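Participant: Take a look at the following structure, please.
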Amino acid sequence: MDIFTALRSDHEKQRLLMQALVETTGESASRKDFFNDLKTQLSQHSTAEERYFYAPLMEVDDTVQVARHAIAEHHEIDELIEQLEQTEMSSPTWLKTMKDLKHKVLHHLAEEEKTFFQQAGKHLSSTQKTELANQYQAEMSN
Ligand SMILES: [Fe+2]
Ligand SMILES: [Fe+2]
């Protein structure tokens, strides 16, 4: 498995969780459970992705900009999560903010998959792609 396949597979989990979340209502058990899963998934993913995908890209002039941009988006995603945690789950604002989060994350994932992976692909060796996948997955299964 290479790093791109590993990241893509977790992106798919995020998409499914967010779709399930926007279909929940009020302060239901399913909303709470899906939200907890999403929070864990997003924070583990962004940390492991920064360590085992963006860190090596920061070392290459061509991909520094891409890595910075992605890490800035991770921060914006964290802020929306915080906003959701501070909002009453039963209020209409919660769902509205959740939809904003979904929109932002979907944009981020698409940009990573359609643009950043291609650029990164040119600068990582095939050994590196496999090693990074192993390290990424080991951290995600902690
Ligand atoms: Fe990301
Ligand atoms: Fe990602």
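Participant: What Kirkwood hydrodynamic radius, in Å, does the stretch 3-140 give when the mean of 1/r is taken over all pairs of distinct Cα atoms and then inverted?
Facilitator: Its Kirkwood hydrodynamic radius stands at 15.7 Å.
Participant: Something else now. Over the chain, what is the relative contact order in percent, taking alpha-carbon pairs closer than 8 angstrom and at least six residues apart?
Facilitator: In percent, rounded to a whole number, it is 43.
Participant: Quick one: accessible area per residue over the stretch 1-95, 1.4 Å probe, rounded to a whole number of Å²?
Facilitator: For the stretch 1-95, the per-residue accessible area is 53 Å².
Participant: Give me the Debye-computed log₁₀ of I(q)/I(0) at q = 0.20, 0.23, 0.28 Å⁻¹ for the stretch 69-142, equal point scatterers on Cα only, no solvent, two decimals.
Facilitator: Taken in order of the listed q values, log10 I(q)/I(0) reads -0.95, -1.05, -1.17.
Participant: Given charges of +1 on the Cβ of Lys and Arg and -1 on the Cβ of Asp and Glu, with all other atoms neutral, how large is the dipole of the chain about its Cα centre, in debye to the nearest 20?
Facilitator: With only Lys, Arg, Asp and Glu charged at Cβ, the dipole is about 360 debye.
Participant: Continuing with this model, one more query. Counting only protein heavy atoms and using a 1.4 Å probe, what share of the accessible area of the chain belongs to carbon plus sulfur, as a whole percent?
Facilitator: 48
Participant: Just the accessible area per residue of the stretch 96-142, please: how many Å² with a 1.4 Å probe?
Facilitator: That works out to 56 Å² per residue.
Participant: On to the next question. Output the 0 to 90 degree angle, nearest 10, between the alpha-carbon long axis of helix 3-22 and the longest principal axis computed from the alpha carbons of the chain.
Facilitator: In the chain, helix 3-22 runs at an angle near 10 degrees to the longest axis.
The values are calculated or read from the model by the stated rules, or taken from the named source; none is laboratory data. All values reported here derive from a predicted model rather than from experimental measurement. Reconstructed Cβ throughout: ideal geometry from the backbone, glycine too, with neighbour counts over all protein chains shown. Accessible surface is based on the protein model in full, side chains and every heavy atom, while ligands, DNA and RNA are left aside. Shrake-Rupley method; radii C 1.70, N 1.55, O 1.52, S 1.80 Å.
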